[in-house]
1. Looking at (1) over 14 Å from ASP115 (Cβ atoms); (2) modelled with pLDDT under 95, can you tell me which one PHE74 breaks?
2. For LEU132, indicate whether it is buried (at least 16 other Cβ atoms within 10 Å of the Cβ) and either at pLDDT 90 or above or of a type in the set (Gly, Ala, Ser) (or both).
3. Out of SER65, SER56, which single residue is of a type outside the set (Asp, Glu) and over 19 Å from ILE174 (Cα atoms)?
4. Kindly list, by first and then second residue, each pair from a residue in the range 159-188 that is under 11 Å from VAL52 (Cβ atoms) and β-branched (Val, Ile, Thr) to a residue that is open to solvent by 70 Å² or more (accessible area, probe 1.4 Å) and part of a helix (DSSP H, G or I), limited to pairs with Cβ atoms under 9 Å and residues at least 6 apart or on different chains.
5. Pull up the range 18-39, narrow it to residues that are in a strand (DSSP E or B) and within 22 Å of LYS146 (Cβ to Cβ), then point me to the one that is modelled with the lowest pLDDT.
6. Just checking, how many residues over the range 130-152 are out of contact with any strand residue (DSSP E or B) (no Cβ under 6 Å at 6 or more places or on another chain) and either in a loop (DSSP other than H, G, I, E, B) or under 14 Å from GLN197 (Cα atoms) (or both)?
7. So, of the residues in the range 160-169 that are among the aliphatic types (A, V, I, L, M) and either surrounded by fewer than 16 Cβ atoms within 10 Å (Cβ to Cβ) or over 18 Å from the mean Cα position of the chain (by Cα) (or both), which turns out to be nearest to ALA25 (Cα to Cα)?
8. Test ASN95 against the criterion of being loosely packed, with under 15 Cβ neighbours inside 10 Å and either touching a helix residue (DSSP H, G or I) at 6+ places or on another chain (Cβ under 8 Å) or of a type in the set (Val, Ile, Thr) (or both), and give yes or no.
Amino acid sequence: DSTTYVDIHVNGINITEKLVEAGYAVLNENQDDGELLTCFTSHINSPSEFWVHLESSVSDLELVSEQLVNAENFAPITEIEEEVICAAKFPDDDNWYRAKIIIHGSDGTEVLFMDYGNASLTDELRNLPEKLKNMPALSRKCALQKPANIKSWSKEAELKFTELAAEGATVFHISFVATGDISIVELYLNNESITEQ
């Protein structure tokens, strides 16, 4: 449940800064002067695994959606391989989204909708233009910071969190405790900690 973050220097050069300068890495959005960012949930599995959109990413989400309106006309994917980023049709709403292929099987191809965090089976896959393929995911995978005396979230806590999120309608304030593949966060609603609630 803990991650150690380090700076590595080689001959006086900070490797993180070098990776960013060379275009191999992108710095996370930072909070300025302790100001909390605003966000809303895009998908929830549990308080230990959910995805958020920062409000600052809404215009990028709209841009991606506009560019995927005609995804039906993009070239179909001929060789389905795991980890490939593509356009995939979400069967529940028949819309196209950016997705990463998780696994291909006899029942279809399971994909992760990278800008939202949910997964689904689909048979509708298309190649993405390079610009859309190279754009970073617009959702952030998060976990609520657990209180020191809590080992796991109760079912009641999971239901309460889902209720508070209101299917993405609730705007939270977010504080990043630690960032990584899964960001450990504190969420606040009306200046009250969601963890405490």
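1. Evaluating PHE74 over (1) over 14 Å from ASP115 (Cβ atoms); (2) modelled with pLDDT under 95 leaves (2) as the failure.
2. Working: buried (at least 16 other Cβ atoms within 10 Å of the Cβ): yes; either at pLDDT 90 or above or of a type in the set (Gly, Ala, Ser) (or both): yes.
Yes; evaluated as a whole, the condition is true for this residue.
3. Working: SER56 fails: over 19 Å from ILE174 (Cα atoms).
Step by step, each of SER65, SER56 is checked, and only SER65 is of a type outside the set (Asp, Glu) and over 19 Å from ILE174 (Cα atoms).
4. Taking only residues 6 or more apart or on different chains, the pairs are VAL171/GLU55.
5. Step by step, filter the range 18-39, then rank; the result is LEU37.
6. Here the count works out to 12.
7. So the first thing to find is which residues in the range 160-169 are among the aliphatic types (A, V, I, L, M), and the list is 164-166, 169.
Narrowing the set further to residues that are either surrounded by fewer than 16 Cβ atoms within 10 Å (Cβ to Cβ) or over 18 Å from the mean Cα position of the chain (by Cα) (or both) leaves 164, 166, 169.
Details: LEU164: 34, ALA166: 33, ALA169: 31 Å.
If we take residues in the range 160-169 being among the aliphatic types (A, V, I, L, M) and either surrounded by fewer than 16 Cβ atoms within 10 Å (Cβ to Cβ) or over 18 Å from the mean Cα position of the chain (by Cα) (or both), then ALA169 is nearest to ALA25 (Cα to Cα).
8. Here the answer is yes, as ASN95 does meet what is asked.
The values are calculated or read from the model by the stated rules, or taken from the named source; none is laboratory data. This one's a predicted model, so the numbers in the text were calculated from it and none came from an experiment. All Cβ positions, even for glycine, are placed from backbone atoms using ideal geometry, and neighbour counts span all protein chains on display. Quick note on the areas: whole protein, heavy atoms, side chains included, nothing else; ligands and nucleic acids left out. Shrake-Rupley method; radii C 1.70, N 1.55, O 1.52, S 1.80 Å.
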